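Presented below is the structure to which this report refers.
The values are calculated or read from the model by the stated rules, or taken from the named source; none is laboratory data. What you see is a predicted model, and the numbers here were worked out from it, not measured in a lab. In this analysis, Cβ positions are derived from the backbone assuming ideal geometry, glycine residues included, and neighbour counts consider all displayed protein chains. All accessible areas refer to the heavy atoms of the entire protein, side chains included, with ligands and DNA or RNA removed. Shrake-Rupley method; radii C 1.70, N 1.55, O 1.52, S 1.80 Å.
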Amino acid sequence: MSQSSVPDFAELLRSAQHTAVHLEMRDVYSVGNEKDSFEDFLRTGRTNLDADSPFWQGWTPLVRETVARGVQMRRARIISEPVTDYIRWEHALTPVNIAVGEQVRWLPRRLASDIALPGNDLWLIDDRRVMFHWFTGDGDWAGHEFNDDHDVVKMVLAAFETVWERAIDHEKFPL
């Protein structure tokens, strides 16, 4: 698929009619727009739980719009234990994801050993189109790729559903 025909992420999520699922498998991300908030959390232990604040403006309106159309949004995170500071921060922020309509579950990595997992984090839209996220070794954005090959979608869907089935709801997964 040519780059000119590849939608941006917001366009991809807006194309969802039924489901949008997100699989995260890294213990540390280091994307630039999160740096200040993460550093503040490390210093103070506080997080920004105001879904309408500037920090969340790139995400929460898009989720609200998507969920309002009847799309079910699920996010599963596979994590190592003991957890990293980054995962503690993500866990502390997750009430915002839930408040705007996402369902979030956590799976300790030790419970994922027998699951055939994709090599990269991803979004799967309507069980038909995958967007793989690439990250550098230290967790910054490195790119993405869209894939709608039937066999790839089938593998991603099976992996996600297995993770989701084993994972623990956010409310029952204290850190």
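Whether any residue in the range 82-92 is within 24 Å of residue 163 (Cα to Cα), in contact with a strand residue (DSSP E or B) (Cβ under 9 Å, 6 or more places away or on another chain), surrounded by 15 or more Cβ atoms within 10 Å (Cβ to Cβ) and not β-branched (Val, Ile, Thr) is what I want to check. Taking every residue of the range 82-92 in turn, at least one turns out to be within 24 Å of residue 163 (Cα to Cα), in contact with a strand residue (DSSP E or B) (Cβ under 9 Å, 6 or more places away or on another chain), surrounded by 15 or more Cβ atoms within 10 Å (Cβ to Cβ) and not β-branched (Val, Ile, Thr). Residue under question is residue 123, and the condition is that it be open to solvent by 40 Å² or more (accessible area, probe 1.4 Å) and within 16 Å of the chain's Cα centre (by Cα); does it hold? Taking the combined requirement at face value, the residue does not satisfy it. Taking interchain pairs and intrachain pairs at least six residues apart, which have beta carbon atoms under 6 angstrom, with the first residue in the range 75-100 and under 15 Å from residue 46 (Cβ atoms) and the second modelled with pLDDT under 95? Cβ pairs passing all conditions: 88/175; 91/175. For the range 130-166, taking the residues that are more than 25 Å from residue 8 (Cβ to Cβ) and under 14 Å from the mean Cα position of the chain (by Cα), the one that is most open to solvent (accessible area, probe 1.4 Å) is identified as 164.
Within the range 29-50, being surrounded by 14 or more Cβ atoms within 10 Å (Cβ to Cβ) and either under 14 Å from residue 86 (Cβ atoms) or without any contact (Cβ under 8 Å) to a residue 24 or more places away in the chain (or both) holds for 29, 30, 34, 37, 38, 40, 41, 47.
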